[in-house]
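**Q** Have a look at the structure that comes next, please.
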Amino acid sequence: MMDEIGQSGDIEVGPGVFLPSWAMRFQFARSGGPGGQNVNKLNTKAELWVRPENLRGMHPEAVRRLRDLAGKRLTREGEIHIVAETARTQEQNRAAVMEKLRELIVQAVHRPKIRRKTKPSKAAKEKRLEAKKRRGEIKARRRGPLD
């Protein structure tokens, strides 16, 4: 569940990953794009800034992956900046921002499987070459005599 409060007022932003409430900076502004009656009156666009080093429960390697995954959302100050302005209400956009952060964290926590180079065995190579040779012979027999 998103926004679960842990010990000492921390908010769970990922599986086993907590962020102190003081470490999140929210800002609300007017959303862009076409709108209706409220387009120029209500601040529904939600922006969130989070410093990855304030996340508790993440391995340092996962924090590095999070920075890489953030890409252009990483500011010069080292904060992750996430924006949502698709919903009509401030609260829905705030929830969308938190969900985007959660998705980034879930991706970063997942440790990619290390690829180890493999080499086909000598028997496998011979078997492959034998199969190719057999297939070539079958095709050559179809052609018939070249007279």
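The values are calculated or read from the model by the stated rules, or taken from the named source; none is laboratory data. Computed from a predicted structure; not experimentally measured. Ideal geometry is used to build each Cβ from the backbone, glycine not excepted, and the neighbour counts take in all protein chains shown. These accessible areas exclude ligands, DNA and RNA; they are computed on the full protein's heavy atoms, side chains included. Shrake-Rupley method; radii C 1.70, N 1.55, O 1.52, S 1.80 Å.
**Q** If you scan the range 46-96, which residues turn out to be of a type in the set (Lys, Arg), at pLDDT 85 or above and farther than 21 Å from Val109 by Cα?
**A** Correct list: Arg76, Arg94.
**Q** Kindly provide the set of residues from the range 95-124 that are open to solvent by 90 Å² or more (accessible area, probe 1.4 Å) and not in a loop (DSSP other than H, G, I, E, B), ordered by number. Before the answer, list the steps.
**A** Taking the range 95-124 first, the residues open to solvent by 90 Å² or more (accessible area, probe 1.4 Å) are 103, 107, 110-111, 113-119, 122.
Residues satisfying the conditions are Glu103, Gln107, Lys122.
**Q** Is there a residue being surrounded by 13 or more Cβ atoms within 10 Å (Cβ to Cβ), in a helix (DSSP H, G or I) and without any contact (Cβ under 8 Å) to a residue 12 or more places away in the chain anywhere in the range 74-85?
**A** Within the range 74-85, the first condition is being surrounded by 13 or more Cβ atoms within 10 Å (Cβ to Cβ), and the residues that meet it are 74, 79-85.
Within this subset, residues satisfying the condition of being in a helix (DSSP H, G or I) are none.
No, that holds for no residue.
**Q** Also, quick follow-up: All but one of (1) under 30 Å from Ala29 (Cβ atoms); (2) open to solvent by 70 Å² or more (accessible area, probe 1.4 Å); (3) in a loop (DSSP other than H, G, I, E, B); (4) not small (Gly, Ala, Ser) hold for Met58; state the number of the condition that does not hold.
**A** Looking at each condition in turn, Met58 falls short on (2).
**Q** While we're looking at this one, here's another question. Arg88: within 29 Å of Gly57 (Cα to Cα) and open to solvent by 70 Å² or more (accessible area, probe 1.4 Å), yes or no? First the steps, then the outcome.
**A** On the way: within 29 Å of Gly57 (Cα to Cα): no; open to solvent by 70 Å² or more (accessible area, probe 1.4 Å): yes.
The answer is no for Arg88.
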